[in-house]
Amino acid sequence: MKDNFIKDKTFIKALLNHALPICLQMIMFASVSAADAFMLGGIEQNSMAAVSLASQIQFVQNLVLSGTISTTALLGAQYWGKKDTNSIDDIFALSIRFTAFISFMFFVGCYFFPRQLMMLYTNEEVLIEIGVKYLRITAFAYLISGLTQSFITMTRISDHIKTAAIISCSAVVINIVLNSIFIFNFNMSAEGAALATVIARIIEFSLAVIMSYRPTYLRLKFNKLLSFNKLLTLDFLKCMFPLMGASLLWGIGFTSYTSFMGHLGTDAAAANSITAVIRDLICASSDGIAQGGGIMVGNELGSANLEKGKLYGKRMAKIAFILGAICSLLMMIVTPAAMRLVKLTPQAQYYLKQMMIVMSIYMIGRYVNTIVINGVLTAGGDTMYDMYSLFVTMWCIALPLAALGTYVFHWPVVVIYACTCLDEVGKIPWTMYHFSKYKWVKDLTR
């Protein structure tokens, strides 16, 4: 029997309540990068390109953290559905331990070795010098970002999604306002964008901690940081390592794409920077829907409502295709406006137009894979598929082709860029076949 989920008002209302606040939060978060790019791009192309390349370090950090954060959301949602608050307290403490360690390591790298990190993405000295200054300041934001994500995630899974969105959106607004003040009023350029980021992250972390002490919210139990729940820790690690492995495979591969663009000259790097900002803004809703839908599926599976969880998962897959097609069209619509908003050389403008056309095709794959893999499959603990699918499509196909095109055959920029988008589009049939096996339909709680 055909499932007309649009008429299921309970499902639609629950999805909107879960997904919309997270979508808004993700869009606002992506807006910070957009603000950096367009404010700096309105002044000088090199500052914009350098900050975009330097921001790849934060991108990698978020991907490493996502293994821990996704596991926190996965297990937290299922145990919340089961109403087991003691186990949720243990999960919160585990999340804090792992995110604190990861954040500290990235702080050390960005503060003490910024030049070496920038050289991974470009050999243009002018971009390296700007990026070094940016990284040394933003290192302090990286120090607390993991802890903030842990608090925000626990706020989401405990039915306070709107509060989490308000906290993050407030920090984003503060960041953008400070950006404009430091960049335009104090002429601080890249350093101003970095300082604005640090101040906003400190405020966000402070708000997240303060809100956790309100009634009905989940707060960190410090005695849990000193205790050790062996079984739950093993469950956490069993989920975390495949998710972290997949994040690293995708993150290192994705930043390698940026590195290829950086080695093709400042025009290609600048055009890629703008394309990446627009991509992240539009794709932000896919991340929000994946997380919101994943919480819904996880709640049902953790409550032992396996058939309902399966039904919700199938509906999320349909939504992924619909939204992917809409956003593909949206990429084409915003292209003319993007080309007028920043000061680019004629060659960079030419690259930007070509990249946006390629990106419109990429959007369908990105939406389907994000919502189905990161949302539905992860909610049921099917964490291995993402890792081996990435290894095949990205590391065995897309990356080698892009690397050969950049360093050996010297293909046109648009061809190399298209190679970097092959993995998401090519993965769709494989993803849907794996999804249809329904191995993800399981209760992970003890």
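The values are calculated or read from the model by the stated rules, or taken from the named source; none is laboratory data. Owing to the predicted nature of the structure, the values given are computational and were not obtained by experimental measurement. Note that each Cβ is placed from the backbone with ideal geometry, even for glycine, and that neighbours are counted across all protein chains shown. Protein only, heavy atoms only, side chains kept; ligands, DNA and RNA dropped before computing areas. Shrake-Rupley method; radii C 1.70, N 1.55, O 1.52, S 1.80 Å.
What chymotrypsin sites (Phe, Trp or Tyr not before Pro) in the range 164-208 are in a loop by DSSP, with at most 13 other Cβ atoms within 10 Å of the Cβ? Don't skip to the end; give the middle numbers.
Details: sites: F182, F184, F186, F205; in loops: F186.
Of the chymotrypsin sites (Phe, Trp or Tyr not before Pro), the ones in loops of the range 164-208 whose Cβ has at most 13 other Cβ atoms within 10 Å are F186.
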Leaving out ligands and nucleic acids, and using a 1.4 Å probe, what accessible area per residue does the chain come to in Å²?
40
How large a share of the accessible area of the chain, in percent, is made up of carbon and sulfur atoms when the probe is 1.4 Å and the other protein chains stay in place?
69
Sorted peptide list for 397-410, 139-152, criterion being average Cβ within 10 angstrom, highest first
139-152, 397-410
So, R0 is 30 Å and r is the distance between the beta-carbons of D84 and D3; what FRET efficiency does that work out to, to 0.05?
0.45
Among all helices in the chain defined by DSSP H, which have a length of 27 Å or more along the axis from Cα atoms plus a Kyte-Doolittle mean of at least 0.5?
9-41, 85-112, 125-157, 161-180, 189-211, 230-262, 266-302, 306-341
So if each residue of separation counts as 0.36 nm, and I subtract the Cα-Cα distance between K318 and L225, what length gain in nm does that give?
29.4 nm
Pairwise centroid distance, computed over Cα atoms, of the range 316-348 with the range 404-423, Å
21
Kindly report, to the nearest 10 Å², the accessible surface of Y351 as traced by a 1.4 Å probe over protein heavy atoms only.
40
Dipole-positive endmost among F182, A194, N305 within the chain (Cβ charges, Cα centre)
N305
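Rank by packing, highest mean first: peptides 155-163, 193-201, with packing defined as the count of other Cβ atoms within 10 Å averaged across residues. Intermediate values should be presented prior to the final figure.
On the way: 155-163: 21.3, 193-201: 23.1.
Ranking, from highest mean packing down: 193-201, 155-163.
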Residues of the range 370-404 with the amide nitrogen closer than 18 Å to a label point 7 Å from the Cα of N123, along Cα-to-Cβ, please.
402-404
Taking L301, L323 and ranking on accessible area (1.4 Å, protein atoms only), highest first, one gets L323, L301
Rounded to a whole number of µm²/s, how large is the Stokes-Einstein D of the range 7-86 at 10 °C and 1.306 mPa s, given Rh as the Kirkwood radius over C-alpha pairs?
101
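What's the Cα-based Rg to Rh of the range 59-195, Rh via Kirkwood? Please report the intermediate quantities before stating the final value.
Values: Rg = 17.7 Å, Rh = 16.6 Å.
Expressed as Rg/Rh, it is 1.07.
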Difference of contour (0.36 nm per residue) and Cα-Cα distance, L16 to A337:
112.6 nm
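On a 1.4 Å probe surface of the protein chains, which of F260, F391, F228 comes out largest in accessible area, and what is the full order?
Numbers: F260 15, F391 110, F228 145 Å².
Putting F260, F391, F228 in descending order of accessible area: F228, F391, F260.
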May I ask you to rank Y257, Y350 by accessible area, largest first, using a 1.4 Å probe over the protein chains only?
Y350, Y257
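Please give the FRET efficiency for E307 paired with L237, using the beta carbon to beta carbon distance and R0 = 35 Å, rounded to the nearest 0.05. All intermediate terms of the calculation are to be shown ahead of the outcome.
Values: r = 30 Å, r/R0 = 0.84.
Taking R0 as 35 Å, the efficiency between E307 and L237 is 0.75.
What percent do you get for the relative contact order of the chain when only Cα pairs under 8 Å and 6+ apart count?
Numbers: 709 pairs, mean separation 104.2, N = 446.
Rounded, it is 23 percent for the chain.
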Once each part is reduced to its C-alpha centroid, what is the distance from the range 356-385 to the range 217-290 in angstrom?
13
Of (1) 31.6; (2) 22.1; (3) 23.1, which one was derived for Kirkwood radius over Cα pairs in Å from the structure shown?
(2)
Counting only protein heavy atoms and leaving out ligands, DNA and RNA, the solvent-accessible surface of M119 at a 1.4 Å probe, in Å² to the nearest 10, equals 110
